[in-house]
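Below you'll find the structure I mean.
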Amino acid sequence: MVGLPLVHASNALLGTTIPSPSAVFVGGTSGIGLATLKALVSHTKTPCIYLIGRKESAGKEAIDQCQQQNANAQIVFLKADCSLIGEVDAACMRVKEMVGDRGLDFLVLSTGYLNLEGMIETKEGLNRELAVTYYSRMRFISQLLPLRPSHILSILGGTKEDGPLITSDLGLKKNHTFFNAAKHGITMTSLAFEHLASTHPDTAFVHAFPATVKTGLFTKSFGWLVGLFLDWIVLPLLRPLTTPLEEVAARQLFHLTSARYPPADLGERNERAGVTRPVGVDVANAGKGWYLLDPKGECGEGKVVEEMRSEEWPRKVWEHTTASSNEAAIKGKKE
């Protein structure tokens, strides 16, 4: 476990180590994504941020909060419905135009959506829950990898890979349940990251489980009445098991920027490793470039990952992801 004091000490070095990072935050207008964005902004000098979200009002509020912490932060909001691959592609095109030759340092993905109502299909033909938590995140990654980010962080459920995937229905068109969607989104992310680390060794791929924290996701997903009950009655009962949002954000920033989680192959660009590791803290999963992290920053993986690795599912999952996303984009253009 990486102790919180070491996490804070590492983050405090960002102002001199990576003073002017360029980063894309997808879903950073609320919850853990916003808290992590604010942590990055407050620890750097002149960050350039591209913030992608569904609501302009939420984006404006997030930008105002960030600039209160750092008036020198440059933050651009791009509106996109992240359940639609076509809108993801459009947002990525705008990011590429604005970034130009500078490239990206970081990509952070934290979009969330919970569905207890049964299968809901987007107009592009994807399972909506998986479209938000998996397919759109992977589309952002595939589209923005040419900008060569040193670290990509997906905040979802690393180390929580549980149970076998329904390999005949990875997209859950016929087998949707709340638990299946959660299981598929988490496990496919971990498998996809293992594959991507092998094909893009100069980028680190981090899949983190942030712990239980009150973020307002229940209200956003289920409406105010059910969300109010879950956020203000159920979660308080679980308070002994929850983690403060500020601690979670500090740890996500550490996962994103520390040389404890470097790309597999740095070549001659050692600065891509991140902030120098604290004394006594080893490189996690050395030489692999992909990291499945628990709330304390330790690497692990569910048993299913090892089982599916032996059958080449990291590659198969990525091939499925690419094909499904391309089909969705084409269908969306016909609507």
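The values are calculated or read from the model by the stated rules, or taken from the named source; none is laboratory data. Just so we're clear, the structure is a prediction, and the values are computed from it rather than from any experiment. So basically every Cβ, Gly included, is an ideal-geometry build from the backbone, and we count neighbours across all protein chains shown.
Which ranges mark the helices (runs of 4 or more DSSP H) fully within the range 1-52 that have 2 or more residues being surrounded by 19 or more Cβ atoms within 10 Å (Cβ to Cβ) and small (Gly, Ala, Ser)?
Once the helices (runs of 4 or more DSSP H) in the range 1-52 are filtered for at least 2 residues that are surrounded by 19 or more Cβ atoms within 10 Å (Cβ to Cβ) and small (Gly, Ala, Ser), what remains is 31-43.
OK, next. The conditions are (1) surrounded by fewer than 18 Cβ atoms within 10 Å (Cβ to Cβ); (2) more than 25 Å from residue 284 (Cα to Cα); (3) of a type outside the set (Gly, Ala, Ser); (4) modelled with pLDDT of 95 or more, and residue 145 fails exactly one of them. Which is it?
That leaves (2) as the condition not met.
Also: For residues in the range 262-296 being within 15 Å of the chain's Cα centre (by Cα) and in a loop (DSSP other than H, G, I, E, B), which is surrounded by the fewest Cβ atoms within 10 Å (Cβ to Cβ)?
Of everything passing the filter in the range 262-296, 294 is surrounded by the fewest Cβ atoms within 10 Å (Cβ to Cβ).
Here's another thing I want to ask about it. Just checking, does the range 32-41 include any residue being more than 19 Å from the chain's Cα centre (by Cα) and among the small types (Gly, Ala, Ser)?
Checking the range 32-41: not a single residue is more than 19 Å from the chain's Cα centre (by Cα) and among the small types (Gly, Ala, Ser).
Can you name every residue in the range 153-183 that is closer than 17 Å to residue 311 by Cα, in a helix (DSSP H, G or I) and of a type outside the set (S, T, N, Q)?
Across the range 153-183, the qualifying residue is only 169.
Same structure, new question: Would you pick out the residues in the range 1-19 that are among the small types (Gly, Ala, Ser) and under 21 Å from the mean Cα position of the chain (by Cα)?
10
Residues checked against (1) exposed (fewer than 15 other Cβ atoms within 10 Å of the Cβ); (2) among the small types (Gly, Ala, Ser); (3) within 22 Å of residue 145 (Cα to Cα):
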{"residue": "56", "(1), (2), (3)": "yes, no, no"}
{"residue": "59", "(1), (2), (3)": "no, yes, no"}
{"residue": "67", "(1), (2), (3)": "yes, no, no"}
{"residue": "75", "(1), (2), (3)": "no, no, yes"}
{"residue": "82", "(1), (2), (3)": "no, no, yes"}
{"residue": "85", "(1), (2), (3)": "no, no, yes"}
{"residue": "89", "(1), (2), (3)": "no, no, yes"}
{"residue": "95", "(1), (2), (3)": "no, no, yes"}
